[in-house]
Amino acid sequence: MTAYPTLKMLINGEWITAGEAGTMAVINPATGGEIAQCPKASPAQLDVALKAAGDAFPGWSRTPGAERHAVLRRAADLLRERALEIATVVTAEMGKPRAQAIGEITSSADVVDFLAEEAKRRGGRLIPTRGHQLIAQMVTHEAIGPAVLLTPWNFPVNLPAKKIAGALAAGCTAILKPAENTPASAQLLVECFVDAGVPKGVLNLVHGDPGPIAEHLIASPVTRKVSFTGSTAVGKHLGALAASHMKRFTPELGGHAPVIVSKHADLDRAIALCAATKFRNAGQVCVSPTRFLVAKEIYDRFVAEFAAQASRIKVGDPGADESVDMGPLAHARRISAMEQVVADAGGNRGEIVTGGSVIERTGFFFEPTVIANPAPDSRFMTEEPFGPIAGVVPFESIEDAVGIANGLRYGLAVYAFSGDLDEAHYLGRALRAGMVGINQLIVASPETPFGGIGDSGFGSEGGEEGYLAFTDTKLVMLAKSGG
Ligand code: NAD
């Protein structure tokens, strides 16, 4: 068993255990017990981190891309070397089964690798000129400046890794404020970057209450970019704040992903993939498949087999038993959110086919739950559940299904299963979202953009967009000096 590290902040290259704003408890969601106390940054400590990020920016942004690449590549290697140790901490802090935690960390290393490569290869472009005096029109992508990175707990390594690597690859410096319940996961990640040779002040890590810290960091004139992953409500609040200070802002927010299962789908494969993917990370995934829209001809079979597979999911403490499929929810707030969704789908507003209850044991456990035919205006059908609850709704025509899928203001991921080529093309065109998965439930890879539309946010991080998100576009028009 890996020891849980002493919690620290990284401010101007110094690891600091003393938080001038006191401490906060970190809880193991599988036991409800306290793991550690985490230091909280005071406004003065935030100001030191801001000054460090501002002072380090000119040097880091002028460091050749090949050198930034080399540092980030070493960080990716360290992440892979330390994956088992970090995975134990991820499991203890937010309840993800160990195999899923290891997968998250190794895929984070792949993301860092890809963005490191962008530091070497990303050029600008040369645009042909119209006149004779003008000899060059050059477009370049320049590092924006110090970036504030605000990350949640559901992927406590991958989301910070993606933002840190994008920022540092582009030449930005950064201050990371991770979720309150996963500070050590972020700390072990940051250690990989420091040990890889990231210079003093280029990367800073602070902990504490998210609202006041975000407000302080966003308002500072040092900050030039804000990247946030989390709920739509908080994203709107931070977006308004960023706009009032004219800061670049990338929000990656919630979703309520529909999955259309056509009568032309390979049904056995679709059911197996849906049941396996829906309950990954206890459903606490922004692109989690959630609203299952199933052709009426195959609806009964889908509900019965999907619910049967859901009921066989082994739930337990992943820190004590590596064979569990699903751990606890991340904190007590998620349990009350699940109870509200289920209560609202009761009576004649839906049928709870399996699950629906809190699991009576210590920690924050909820049963894998399937609701058949939830009412269109139910909480489940209109609000992101962000937990182990799936709903299945029958549809008459594929156009009706697209109408239901596109009916919410969310637009992060959507999925569809169909073996009919024309129908698959139609679905790819008609579904409104940042990412569409057809005949599979994966929409993320290190090479591809990740982001949503509508209430799911805007902009992308991941792929080359994950580098460009931390750059300003600059035009240089060069004319002859005379004659
Ligand atoms: P929450 O909104 O209280 O917290 C979610 C995250 O936002 C936390 O990590 C927290 O640090 C941060 N946060 C909260 N208030 C903030 C503020 N004022 N300024 C800056 N950051 C702030 O909700 P929760 O119960 O912890 O999580 C569930 C909700 O969060 C879900 O409804 C889901 O939409 C959303 N969420 C989304 C993602 C995602 O990947 N898009 C990840 C985690 C949580």
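The values are calculated or read from the model by the stated rules, or taken from the named source; none is laboratory data. Bear in mind that the values here come from a model prediction, so they are computed numbers and not experimental data. As a convention, Cβ positions derive from the backbone with ideal geometry for all residues, glycine included, and neighbour counts pool all protein chains shown. The protein model used for the area step is the full one, side chains on, heavy atoms only, and it has no ligands, DNA or RNA in it. Shrake-Rupley method; radii C 1.70, N 1.55, O 1.52, S 1.80 Å.
From 167, 196, grab the single residue that is out of contact with any Phe, Trp or Tyr (no Cβ under 8 Å at 6 or more places or on another chain) and either surrounded by fewer than 23 Cβ atoms within 10 Å (Cβ to Cβ) or within 15 Å of residue 248 (Cα to Cα) (or both).
Values: 167 fails: out of contact with any Phe, Trp or Tyr (no Cβ under 8 Å at 6 or more places or on another chain).
The unique qualifying residue is 196.
Kindly evaluate residue 276 against the criterion of being free of Cβ contacts under 8 Å to residues at least 60 places away in the same chain, over 26 Å from residue 430 (Cβ atoms) and either within 16 Å of the ligand (Cβ to nearest atom) or charged (D, E, K, R) (or both).
Details: free of Cβ contacts under 8 Å to residues at least 60 places away in the same chain: yes; over 26 Å from residue 430 (Cβ atoms): yes; either within 16 Å of the ligand (Cβ to nearest atom) or charged (D, E, K, R) (or both): no.
Spelling it out, it is not the case that residue 276 is free of Cβ contacts under 8 Å to residues at least 60 places away in the same chain, over 26 Å from residue 430 (Cβ atoms) and either within 16 Å of the ligand (Cβ to nearest atom) or charged (D, E, K, R) (or both).
Taking residue 34, is it within 28 Å of residue 323 (Cα to Cα) and either open to solvent by 30 Å² or more (accessible area, probe 1.4 Å) or charged (D, E, K, R) (or both)? So that I can check it myself, show each step before the final result.
Numbers: within 28 Å of residue 323 (Cα to Cα): yes; either open to solvent by 30 Å² or more (accessible area, probe 1.4 Å) or charged (D, E, K, R) (or both): yes.
Yes.
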message: List the residue pairs whose Cβ atoms are under 7 Å apart, where the first residue sits in the stretch 385-401 and is of a type in the set (Phe, Trp, Tyr), the second is within 16 Å of the ligand (Cβ to nearest atom) and not in a helix (DSSP H, G or I), and the two are 6 or more positions apart or on different chains.
response: 386/254; 386/284
Residue list for the stretch 244-264, filter: outside the structural domain of residue 162 (by TED's automatic domain parsing), open to solvent by 20 Å² or more (accessible area, probe 1.4 Å) and touching a residue at least 40 places away in the same chain (Cβ under 8 Å): 264
- line: Picked from the stretch 159-198 (must be part of a loop (DSSP other than H, G, I, E, B) and away from the ligand (no atom under 16 Å from the Cβ)), the residue nearest to residue 63 (Cα to Cα) is 171
message: I'd like to check which strands (runs of 3 or more DSSP E) are fully inside the stretch 72-156 and have at least 3 residues that are in contact with a Phe, Trp or Tyr (Cβ under 9 Å, 6 or more places away or on another chain), small (Gly, Ala, Ser) and open to solvent by less than 10 Å² (accessible area, probe 1.4 Å).
response: none
- prompt: Of the residues 90, 71, which single one is in the same structural domain as residue 183 (by TED's automatic domain parsing), among the aliphatic types (A, V, I, L, M) and either in contact with a Lys or Arg (Cβ under 9 Å, 6 or more places away or on another chain) or on the phi > 0 side of the Ramachandran plot (or both)?
  reply: 90
- line: A careful count of residues in the stretch 349-374 that are open to solvent by 20 Å² or more (accessible area, probe 1.4 Å) and in contact (Cβ under 8 Å) with a residue 24 or more places away in the chain gives 9
query: Does residue 300 qualify as being in contact with a Ser or Thr (Cβ under 8 Å, 6 or more places away or on another chain), more than 16 Å from the ligand (Cβ to nearest atom), assigned by TED's automatic domain parsing to the domain that holds residue 414 and more than 30 Å from residue 449 (Cβ to Cβ)?
result: no
